[in-house]
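> So that we are looking at the same thing, I have put the structure below in structure tokens.
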Amino acid sequence: MGYDTSTAILAEGLVKRFGATTALNGVDLAVRTGTVLGLLGPNGAGKTTAVRVLATLIRPDAGHATVGGFDVVQQAHQVRELIGLTGQYASVDETLTGTENLIMIGRLLGLSRASSRQRARDLLDRFDLVAAADRAAGRYSGGMRRRLDLAASLVGDPRLLYLDEPTTGLDPRSRNDVWEIIRGLVAGGTTVLLTTQYLDEADQLADEIVVIDHGRVIATGTPEQLKARTGAQTLAVRPSAPDDLAALKDAVGRVAAGPVDVAADVITAPVAEPGALTRLVRDLDEQGLTVAELSLRSPSMDEVFLSLTGAPA
């Protein structure tokens, strides 16, 4: 039977134990070619262990996985030729310049000196690092170092890219820069497996999301499908007059599908009934209450994460 090219990564029943700890307890994953799969979970859920298995860095104790049609255990060499990996922390040599780092990796991958130098030039230009090409990587900012790390993972022109918490510790602007790079890679046909603890990152980048907790997959779907699973939208109301806060809270409580919270003079509550907003507006009008803010929004990924795992992100 031939390899299904529409699926870049397929894992079935992965189990990995470290002594008495079961890091993976029967994990199933399927990543469609040319898409981003976001792997979410609390610390210690098994995300990085799953990536390490799929990158052939460790062997599973049970289960089966293929990457690009190749078995991660029996055909590990072929798998490594297909993938690039960027971990949570930059792995570049801080004493070498940006150019020297990329040339070194190219040579380690078997490229000629000339090809390695040309590949380094192309990637430094692509990642907007030309001006810092001859500067030691140790003098790069956090965002620049992360871009260099991403560039390093692409020297071998991988078809699949594993990004294990790629924006950890970056400021918002640098995170946005990395997001744009990832979007560009996917638009060019690269398949991405992304682990992250930033739920807005998964919401922004992932075509599909797998939530893992205690080594098991507990939810799978698009960001919109996972948000719909919470079964409620969030209503937010801010009074025009502080004295109306109590009356507004009571009014919101009459349409709420769960606890009503107040923080910084904003009243929030989950609502499940389609006509809840209309009912609330009618109630406020009858009582002569005015508001400075009134909104109804879909659940955030933070709220989805909380509902699925029972813990905040």
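> So, restricting to strands (runs of 3 or more DSSP E) that lie completely within the stretch 257-305, which ones have at least 1 residues that are surrounded by 14 or more Cβ atoms within 10 Å (Cβ to Cβ) and of a type in the set (D, E)?
Output list reads 261-263.
> Here's a follow-up. Among the residues of the stretch 137-192 satisfying the criterion of being open to solvent by 30 Å² or more (accessible area, probe 1.4 Å) and among the polar types (S, T, N, Q), which is farthest from the chain's Cα centre (by Cα)?
S141
> If you don't mind, there's one more thing I want to ask. Counting only residues that are open to solvent by 50 Å² or more (accessible area, probe 1.4 Å) and at pLDDT 90 or above, how many does the stretch 224-242 have?
2
> With respect to the numbered conditions (1) buried (at least 19 other Cβ atoms within 10 Å of the Cβ); (2) touching a helix residue (DSSP H, G or I) at 6+ places or on another chain (Cβ under 6 Å), which one is the sole condition not fulfilled by R107?
Unmet for R107, out of (1) buried (at least 19 other Cβ atoms within 10 Å of the Cβ); (2) touching a helix residue (DSSP H, G or I) at 6+ places or on another chain (Cβ under 6 Å): (1).
> Sticking with this one: Restricting the search to the stretch 27-46, which residues are open to solvent by less than 30 Å² (accessible area, probe 1.4 Å) and closer than 19 Å to V73 by Cβ?
V27, L29, V31, G46
> In addition: Being under 21 Å from the mean Cα position of the chain (by Cα), open to solvent by 50 Å² or more (accessible area, probe 1.4 Å) and either under 30 Å from G221 (Cα atoms) or among the aromatic types (F, W, Y) (or both): is that true of R52 here?
yes
> Restricting to the stretch 200-217, and then to whatever is part of a loop (DSSP other than H, G, I, E, B) and open to solvent by 30 Å² or more (accessible area, probe 1.4 Å), can you tell me which residue is farthest from E81 (Cα to Cα)?
H214
The values are calculated or read from the model by the stated rules, or taken from the named source; none is laboratory data. If you're wondering where the values come from, they're calculated on a predicted model, not measured in any experiment. So basically every Cβ, Gly included, is an ideal-geometry build from the backbone, and we count neighbours across all protein chains shown. Just the protein is used for accessible areas: all its heavy atoms, side chains included, with ligands, DNA and RNA removed. Shrake-Rupley method; radii C 1.70, N 1.55, O 1.52, S 1.80 Å.
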